[in-house]
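Asker: Please read through the structure below; I'll follow up with questions.
The values are calculated or read from the model by the stated rules, or taken from the named source; none is laboratory data. Predicted model only: the values in this text are computed from it and were never measured. Quick reminder, even Gly has a Cβ in these numbers, built from the backbone with ideal geometry, and neighbours come from all protein chains shown. These area figures cover heavy atoms from the full protein model, side chains too; ligands, DNA and RNA do not enter into them. Shrake-Rupley method; radii C 1.70, N 1.55, O 1.52, S 1.80 Å.
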Amino acid sequence: MLNSIRLRMTITYLLLIVAIMLVTGIVLLNMLEKHYLSSEEENIERTGRLAAQSIISYLRDDADPVLLSSVAENISHQINARVIIVSTDNLVLGDSVRIGGLSGSKIERPEIQDALKLEKGCSIQYSHISKQWVLQVAVPAREEDGTPLGVIFLASSLNPVYATLAAVQRFLLMFTFLALLFAGALVVFFSHHLTVPIKRLTSAAQQMAEGKLDQQIPITSRDEIGRLAQQFNVMASRIMETNQRLTRFVADVSHELRTPLASIHLCLQSMQEYEMKPEEQKEFLDDIYHETQRLIYLVEDLLEMTRRQEVAEKVEVFSLKALLEGVLDSIQPRVDRKELKLFTEIDEKLPLLNMSPEALKRVLFNLLDNAIKYTPSGGWLKLIAKSDENNVRVTVQDTGCGIPEEAIPYIFERFYRVDKARSRYLGGTGLGLAICKEIIEHYGGEIGLEESQEDKGSTFYFILPVERSIQEYHEELQLVESPEPV
Ligand code: ADP
């Protein structure tokens, strides 16, 4: 149960409100109690002192208990308190309570002693007889020279004070209850807004885990959760795309493998079923040889694709010029065999590159191989390599069969071939340009077909970024290794 964010949020907020209201309530009630008690005490004390002034003359003479009791009763009516007038030797001279009062009896109260000694005696006590809290104040009545004549003892009920405090307490409780209700409703409302998208995300992720990849969730807000939902949608569509690409790739590969296998199978079946002359058999074996050769190329290209990441990661700094020269040397025999001409236009100063030389060689081989494959004897091809501050651009130009306009957008796709039969005959797999594109884009470069005209030729190019820091570092290194003579 407590695993739900919504419940935890609700409980936390409600507890917070209860705690705040509890502390506020206690502090407020305490302050109010102090305030009411001290103002009540001041009030009674003030009345007591005034009364003390007024009874001095009665006390001076032999005090008449009846008179003093009626004075006490008068004062009692004014402040709604019991008033007792006591002599300095604790004899009650007058009591506002006439019947059952203390007149004529002795009274021992610490407040009276305090009044005589300290000018004021005060206490709050619970009266078990009247079942209420009572504030008791005693003040002395003195001659002008300070001689004490008696004490006025006043006892006032604190019921009104506590009734007010109880009302405040009830109000606070009710307010807390309302605040809890209101906050509870708000938290439930907001946490619903918060948790519904999370629930949607969880269920979509669960569906994806179960293999249903076409998950998209509605974006209902622009906050963090909205952004999370957005990223989830992006991720889901990427996974979908990758999955679709993979399925298509497997289907394409199976299709590519099936054609040569079917033709090998057919050849073998015919050889098995029919009596054949040796020349016929040779023809069939030749076909089988070609088809297996094709299968080998295909599997090699497929392996190349799976190893691409591995190869691409073997990064090192090398000279592009040296690499180009090596590649040109190695394809020269094929160029000669096909009676083609190979021209080059390579900048004197080409930059150092920081990537996998094997991967770059593969790109150059593929482009040059295509140029040789698709150019008839007597034609020419040209390799141009130029560089500026930021990039190096390599172009492979040929005078071959060219590419029809409608095929141009697809030539970098896996297994795409303009003329399947021709490409197959020439040993093509339809993977060469796709591999080139993956490699070049892996290093942040760009590859494309600059121009192509049917029966006139094609120009492919690729651009790679140049890392300035590497050039500068190696220039410095060369200076250090072979300093100029002074
Ligand atoms: P393939 O192994 O079939 O050559 P690629 O991916 O290298 O596969 O090329 C894809 C297709 O693009 C080729 O089948 C071919 O039709 C076309 N193509 C590539 N390079 C050239 C070129 N230099 N001249 C004409 N057509 C080309």
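Asker: With every protein chain present, what is the per residue accessible area of the stretch 380-486 (1.4 Å probe, Å²)?
Answerer: With all protein chains present, the stretch 380-486 gives 57 Å² per residue.
Asker: Show me the trypsin sites (Lys or Arg not before Pro) within the stretch 220-294 that DSSP assigns to loop and that have at most 16 other Cβ atoms within 10 Å of their Cβ.
Answerer: For trypsin sites (Lys or Arg not before Pro) across the stretch 220-294 that sit outside H, G, I, E and B with at most 16 neighbouring Cβ atoms in 10 Å, the list reads Arg222.
Asker: What are the principal axis extents of the Cα atoms in the chain, in Å, biggest first?
Answerer: Principal axes ranked by extent give 162, 83, 34 Å for the Cα atoms.
Asker: Under 5 Å between amide hydrogens, which residues at least 5 positions from Ser356 or on another chain qualify, with H placed 1.01 Å from N in the peptide plane?
Answerer: The answer is Glu316.
Asker: Given a 1.4 Å probe and every protein chain left where it sits, what share in percent of the accessible area of the chain is carbon and sulfur?
Answerer: 57
Asker: What does the extension gain come out to for His193 and Ile129, with contour length at 0.36 nm per residue minus their alpha carbon separation?
Answerer: 17.0 nm
Asker: Would you please name the GluC sites (Glu not before Pro) within the stretch 78-134 that are DSSP coil residues with at most 13 other C-beta atoms within 10 Å of their C-beta?
Answerer: In loop regions of the stretch 78-134 (DSSP not H, G, I, E or B), the sparsely surrounded GluC sites (Glu not before Pro) are Glu108, Glu119.
Asker: Sticking with this one: Which whole-Hz ³J(HN,Hα) couplings does the stretch 436-447 yield from phi under the Karplus relation 6.51 cos²θ - 1.76 cosθ + 1.60, θ = phi - 60°, glycine and proline marked x?
Answerer: 4, 4, 4, 5, 4, 5, 4, 9, x, x, 9, 9
Asker: List every residue whose amide H lies under 5 Å from the amide H of Leu381, counting only residues 5 or more places away in sequence or on a different chain, with H placed 1.01 Å from N in the peptide plane.
Answerer: Residues meeting the criterion, in which the H sits 1.01 Å from N, are Lys341, Leu342, Phe343.
Asker: Now for a separate question. Enumerate the calculated ³J(HN,Hα) couplings along the stretch 167-175 in order (Karplus 6.51 cos²θ - 1.76 cosθ + 1.60, θ = phi - 60°), each rounded to whole Hz, writing x wherever the residue is Gly or Pro.
Answerer: 5, 4, 4, 4, 4, 4, 4, 5, 4
Asker: Remind me, relative contact order of the chain in percent, using alpha carbon pairs under 8 angstrom and six or more residues apart?
Answerer: So the answer I get is 9 percent.
Asker: In the structure shown, do any of Lys373/Lys456; Lys338/Lys382; Lys314/Lys382; Lys282/Lys373; Lys361/Lys382 have a Cα-Cα gap over 20 Å, and if so which?
Answerer: Listed pairs above 20 Å: Lys314/Lys382; Lys282/Lys373.
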